[in-house]
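Below: the structure, in structure tokens.
The values are calculated or read from the model by the stated rules, or taken from the named source; none is laboratory data. Not measured: the values here are computed from a predicted model. Cβ: placed from backbone, ideal geometry, glycine included. Neighbour counts: every protein chain shown. Quick note on the areas: whole protein, heavy atoms, side chains included, nothing else; ligands and nucleic acids left out. Shrake-Rupley method; radii C 1.70, N 1.55, O 1.52, S 1.80 Å.
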Amino acid sequence: MRLTGPALRVTVFVGENDTWQHRPVFTEIVHRAHQAGLAGASVFRGIEGFGASSMIHTTRLLSLSEELPVAVVIVDTEERVRAFLPRLDELVPEGLVVLDACEVIRPGSGPRPADPPPADGSPADEAPADEAPADESAAASRKEPEER
């Protein structure tokens with residue numbers, strides 16, 4: 001689903017070793033979001049953090065590196081995200097779930113549309129490679145050295 005405009009982002013913070021029915025919780029969240037037809041979900045592994053336990057988990061200390069933080073980020077319309085939230089209840093009994101209003105300005109997939117010309121009619125910031133720059137010093141710096 002291609003989404004633009006006002007949206008709601010839900011970020012779910014869990015530990016990388018948290019499981020649900022022998023499967024990583026973050027994987028289950030992504031699969032449930034996909035099954036629900038949400039616009040997108042991504043998983044990000046943290047390199048350091050702490051939560052309710054106040055114990056710092058980090059990749060720098062081998063003894064604590066087993067329970068690194070993981071963030072699952074899901075974006076869709078407010079209506080669709082709020083309808084999805086009950087599906088997280090059994091998966092995240094102790095994790096942190098955060099909602100943020102956001103605006104999608106460019107969908108993540110598909111061809112990128114050409115940038116529109118400036119509204120004031122001024123020329124674009126960059127000239128095409130085959131056009132000479134307006135500034136003489138810039139033109140001089142682009143010239144190849146002359147042979148002697």
**Fill in**
When residue 105 is run through (1) modelled with pLDDT of 95 or more; (2) exposed (fewer than 10 other Cβ atoms within 10 Å of the Cβ), the failure sits at (1)
**Item:** Condition check for residue 81: in contact with a strand residue (DSSP E or B) (Cβ under 6 Å, 6 or more places away or on another chain), at pLDDT 95 or above and open to solvent by 40 Å² or more (accessible area, probe 1.4 Å)
**Value:** no
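Each row is one residue, and each column tells you yes or no for (1) of a type in the set (A, V, I, L, M); (2) at pLDDT below 75; (3) exposed (fewer than 11 other Cβ atoms within 10 Å of the Cβ).
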{"site": "48", "(1), (2), (3)": "no, no, no"}
{"site": "64", "(1), (2), (3)": "yes, yes, no"}
{"site": "73", "(1), (2), (3)": "yes, no, no"}
{"site": "77", "(1), (2), (3)": "no, no, no"}
{"site": "97", "(1), (2), (3)": "yes, no, no"}
{"site": "123", "(1), (2), (3)": "no, yes, yes"}
**Asked** Does any residue in the stretch 1-25 that is more than 25 Å from residue 102 (Cα to Cα) and of a type in the set (Phe, Trp, Tyr) come within less than 6 Å, Cβ to Cβ, of a residue that is surrounded by 11 or more Cβ atoms within 10 Å (Cβ to Cβ) and at pLDDT 95 or above six or more places away or on a different chain, and which pairs are these?
**Response** 20/28
